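Trainee: Structure below; questions to follow.
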């Protein structure tokens with residue numbers, strides 16, 4: 001099959017390689033234009049662009065796919081199929097009709113739950129017991145197309161946004177590889193139409209969400225810490241100092257009305273216990289301004305006054 005791939009972040013790279021593993025002729029890789037990155041704000045290539053160039057795949061970086069010129073360019077590739085994974089640009093209805101087979105999308109949730117931009121983190125925040133990936137035949141709506149194949153995985157109590165991201169990226173490549181292999185054999189993949197029953201929307205992450213509010217229950221705050229690791233990283237004010245929180249665990253204990261929400265109840269090598277609306281949040285890894293992530297034990301050694309809280 002002649003295939004065009006569209007994706008941008010690290011999550012999409014295993015899918016690009018899966019297309020090659022399945023024996024497809026990847027004639028082009030579409031990815032977002034280079035963006036300023038890092039402290040120097042130098043233009044940086046996306047992970048998909050870097051991978052495509054290393055594999056000798058031509059790269060296209062249109063600002064939009066809505067223009068007649070961009071759509072004509074895709075027609076010139078004459079693809080049988082377009083595979084889209086976390087591309088970040090809207091595919092207009094006219095463009096969806098260009099590939100002979102259509103456009104497939106690998107989405108990191110069990111559709112129709114968590115349609116949208118941040119399904120991995122939203123699943124952790126909501127306390128979902130499991131998630132997965134779906135191979136979807138794209139339609140004009142946002143993640144509303146019929147599902148062709150699906151893989152499930154439990155969300156472990158210690159899963160972070162990062163660990164779940166990596167596992168789902170691998171599962172996405174696996175489900176895509178199977179779908180491509182079956183299509184190459186001439187099989188017609190059964191389509192399971194989505195229902196709007198149980199549909200939820202995974203809105204884009206906002207750094208403002210990362211602020212920990214200790215009037216909330218400790219389990220909710222623990223999920224926030226896990227979901228926002230490695231980005232945007234939870235943060236709070238700890239005994240007068242603003243810190244980023246990389247790891248924490250919820251414990252039963254006094255509520256905020258006893259000690260005051262945000263009060264440090266104890267500080268030891270095991271962690272820093274902070275009173276919450278319900279229970280206690282034990283912070284085990286954190287980062288001071290301008291520093292690196294350190295253990296709670298190292299932090300307490302640097303702030304010995306906490307031991308006497």
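Trainee: Out of (1) more than 21 Å from the chain's Cα centre (by Cα); (2) surrounded by 15 or more Cβ atoms within 10 Å (Cβ to Cβ), the odd one out for residue 260 is which?
Mentor: Here residue 260 meets the rest and fails (2).
Trainee: In addition: If the requirement is being under 27 Å from residue 140 (Cα atoms) and either buried (at least 19 other Cβ atoms within 10 Å of the Cβ) or not assigned by TED's automatic domain parsing to the domain that holds residue 137 (or both), which of these qualifies: 85, 101, 90?
Mentor: Residue meeting the stated conditions: 85.
Trainee: So how many residues does the range 139-156 have that are in a loop (DSSP other than H, G, I, E, B), modelled with pLDDT of 95 or more and surrounded by fewer than 16 Cβ atoms within 10 Å (Cβ to Cβ)?
Mentor: Going through the range 139-156 one residue at a time, the tally reaches 1.
Trainee: Right, next: If we scan the range 107-123, do we find a residue that is assigned to a helix (DSSP H, G or I), closer than 18 Å to residue 165 by Cβ and in contact with a helix residue (DSSP H, G or I) (Cβ under 7 Å, 6 or more places away or on another chain)?
Mentor: yes
Trainee: Do you know which residues across the range 272-307 are within 28 Å of the chain's Cα centre (by Cα) and part of a strand (DSSP E or B)?
Mentor: Listed by number, the residues that qualify are 276, 280, 281, 282, 283, 284, 285, 286, 287, 293, 294, 295.
Trainee: Right, here's the next one. Mind checking whether some residue in the range 188-201 is over 23 Å from the mean Cα position of the chain (by Cα) and outside the structural domain of residue 115 (by TED's automatic domain parsing)?
Mentor: Checked the range 188-201: no residue is over 23 Å from the mean Cα position of the chain (by Cα) and outside the structural domain of residue 115 (by TED's automatic domain parsing).
Trainee: Limited to the range 56-80, what total is found for residues that are surrounded by 17 or more Cβ atoms within 10 Å (Cβ to Cβ), touching a helix residue (DSSP H, G or I) at 6+ places or on another chain (Cβ under 7 Å) and part of a loop (DSSP other than H, G, I, E, B)?
Mentor: 2
Trainee: Select, from 93, 35, 73, 122, the only residue that is more than 26 Å from residue 186 (Cβ to Cβ) and without any contact (Cβ under 8 Å) to a residue 12 or more places away in the chain.
Mentor: 35
The values are calculated or read from the model by the stated rules, or taken from the named source; none is laboratory data. Remember, it's a predicted structure, so these values are computed and weren't measured experimentally. Don't worry about glycine lacking a Cβ; one is built from the backbone with ideal geometry, like all the others, and counts go over all protein chains shown.
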